[in-house]
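Derivation of every value follows stated rules applied to the coordinates shown; laboratory data play no part. Not measured: the values here are computed from a predicted model. Glycine gets a Cβ as well: all are built from the backbone with ideal geometry, and neighbour counts include every protein chain shown.
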Amino acid sequence: MTLVAENLTVRLYPAKGAVHAVNDVSWHLEPGRTLAIVGESGSGKTVMSLAPLGLLPPGVSADISGSLTLDGTKPTLGSDVGVVFQDPPSALNPLRRVGSQVTDAAKLPRKQRRARAIELLELVGLPDPVRAADAYPHELSGGMLQRAMIAGALAGDPRVLIADEPTTALDASMQEQVLDALADLQQRLGLALLLITHDIGVVARMADDVAVMYAGRIVEQGPASRVLQAPEHPYTQGLLAAVPAADVKSGTRFVGLEGAPPDLTERIRGCAFAPRCPLALDVCSTDRPELVDGVSCHVRTHARSR
Amino acid sequence: MLVVDDVRVRFGAITAVDGVSLTLAPGEILGLVGDSGCGKTTLARVIVGLERPESGRVFLDGEELLPKRRELRRRVQLVFQDPESCLSPRWTIGRTLEEPLQVAGMGNRRERVARVGELLELVGLPQAFAARQPRALSGGQRQRIGIARALASSPDVLVCDEPVSSLDVSVRAQVMNVLLDLREELNLSVLLIAHDPVLVHQASDRVLSMRAGALQPG
């Protein structure tokens, strides 16, 4: 049961123009493993994961080429792949009890729904699943709601869970709860977890493998331990350097990247990161680098060939 | 010197801020951390005059910051979490920055345009940005405009409520370094409110921690 993305390319059509959101992306995810898709807003990480399942922003159409398959067939939302969204308060209906929303994805006779909801809420580690099932969203904390969202994603017994920034909207202590719940479920159910995040701390804690996205392409991918300890792409290096460290002296200047990601409505010549890259060569602004041994960068290719 | 003395704010049965006192010296960056709902944003709103406390007072250089004293109020400004909220999508950056000068009746048109250029320079952006529309700016640049707008009235104190939490990690440094530079160049006092303790520690001279409306000891 391996989830495979092959040369996945997604072009989005909002009201006006076209956005080259995802370009020629390939990866695979095996049961029991966690692949983290890392990138900043607009890098295409969410579109790449959700557009092939038919989940698009409202009013936007998409042109998808390449494929996303689970054991060679197109995965079905709910029964093959469950999705946990970023912001539980906006994903849940405030007027319906949490329990009834948790079982939305499971096609169950009415009578069995409540029992199944309680079972699912217990599965994600809510301390009082009966009370949680009967509660309205506003009666639960952010961390509890996010776990209820995970329960909902599991209602159709999927083999793969896609979690889109599952902890971004939460306070630090709640983040811990949600990550614990995800790790625990993955182990017990043998789930494959596709974790979309911009938070390097979450990657370090959860991921087996990492794919770093920039401007709709994977610029670096590999085992999490390798990518985090010895990043090779200048963008990955910059991203890791920008994470504030606990032992830094007060008043120290912050490290980050200059500039901003490119406009994806326009055709990009060469390497999309070149205008912000401290190491850029002449070739970087004219030729697009290929992904070789998990890194897509002229500078590295150049260094190796010498 | 900004002094907050025993401020208390209640919303119905909930005490959002429960007797908070603090001081902020010129040129000091004071960090304030706490989980969402701890009352840190309400405290910020009291300091800039957007929220009236049930009891307690706020002083700037020994004078009380009452709602009626607009001249004094101008010396304490708020930088919002989401820069979108202070940028009109239809106005150029120049117009957005000029508006507060106009409202305050500062100078003639030419002097105001010159001041807009100064404000852009203070936040590390080229003067040509005055002609741009907000949508042509990145998130980090927009937040720097938010800071520039707060600086328009030449304040002594900047209250920054989660100034970088809506920004990507790689561009947060641009905004944080602007705050460090402003303290250096203008001897500005900054109250830096955020939920990320590591980021706050790096920027601040002192850090206070808030929980359930009150400052935590230690």
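To the nearest ten degrees, helix A:110-123 and the longest principal axis of the Cα atoms of chain A are 50 degrees apart.
The relative contact order of segment B:25-127, computed from alpha carbon pairs under 8 Å that lie at least 6 residues apart in sequence, is 12 percent. Modelled spin labels at residue A:16 and residue B:110, positioned 7 Å past Cα toward Cβ, are 3.7 nm from each other.
Relative to the dominant Cα principal axis of chain A, helix A:172-189 is inclined by about 80°.
Taking label positions 7 Å along the Cα-Cβ direction at both residue A:285 and residue B:207, the computed distance is 4.1 nm, reported to one decimal.
Cross-link partners of residue A:45 among lysines, defined as those whose alpha carbon lies under 23 angstrom from its own and excluding same-chain residues fewer than eight positions apart: A:16, A:74. Taking every residue in B:161-174 and counting other chain Cβ atoms within 10 Å of its Cβ, the average works out to 6. Shielding value for A:246-254 is 6, the average number of Cβ atoms from other chains within 10 Å of each residue's Cβ.
Per-residue packing, averaged as other Cβ atoms within 10 Å, sorts the ranges A:181-192, B:42-53 into the order B:42-53, A:181-192, beginning with the highest. Mean residue ellipticity at 222 nm, helices only, the protein assembly as shown: -9500 deg cm²/dmol; runs of at least 4 DSSP H residues each add -39,500 (n - 2.57), and the sum is divided by the number of residues.
Placing one equal scatterer on every Cα of segment A:138-181 and applying the Debye formula, the log10 ratio I(q)/I(0) at q = 0.18, 0.33 Å⁻¹ is -0.51, -1.26. Near residue B:87, once Lys and Arg are set to +1 and Asp and Glu to -1 for all other residues with Cβ below 15 Å from its Cβ, the sum equals +3. Binning the C-alpha pair distances of chain A at 10 Å intervals from 0 yields a P(r) profile of 6, 26, 32, 23, 10, 3, 0 %, listed from the shortest bin outward.
How far is helix A:142-153 tilted, in degrees, relative to the longest principal axis of the Cα atoms in chain A, given as a value from 0 to 90 rounded to the nearest 10? Tilt relative to chain A: about 90 degrees. Between residue A:104 and residue B:127, the modelled label-to-label distance comes to 5.4 nm, taking each label 7 Å out from Cα in the direction of the beta carbon.
Placing one equal scatterer on every Cα of segment B:93-218 and applying the Debye formula, the log10 ratio I(q)/I(0) at q = 0.11, 0.13, 0.20 Å⁻¹ is -0.42, -0.57, -1.15. With contacts defined as alpha carbon pairs under 8 Å and 6 or more residues apart, what's the relative contact order of segment A:23-113 in percent? The value is 14 percent. Taking a sphere under 11 Å around the Cβ of residue A:122 and counting the other residues whose Cβ falls inside, with K and R at +1 and D and E at -1, yields a net charge of 0. Taken along its principal axes, the alpha carbon cloud of segment B:12-129 reaches lengths of 49, 31, 29 Å, longest axis first.
Each peptide among A:53-63, A:117-127, A:252-262 gets the average number of other Cβ atoms lying within 10 Å of its residues, and from highest to lowest they stand as A:117-127, A:252-262, A:53-63.
Peptide A:198-206 is shielded by partner chain Cβ atoms: per residue, an average of 1 of them sit within 10 Å of its Cβ.
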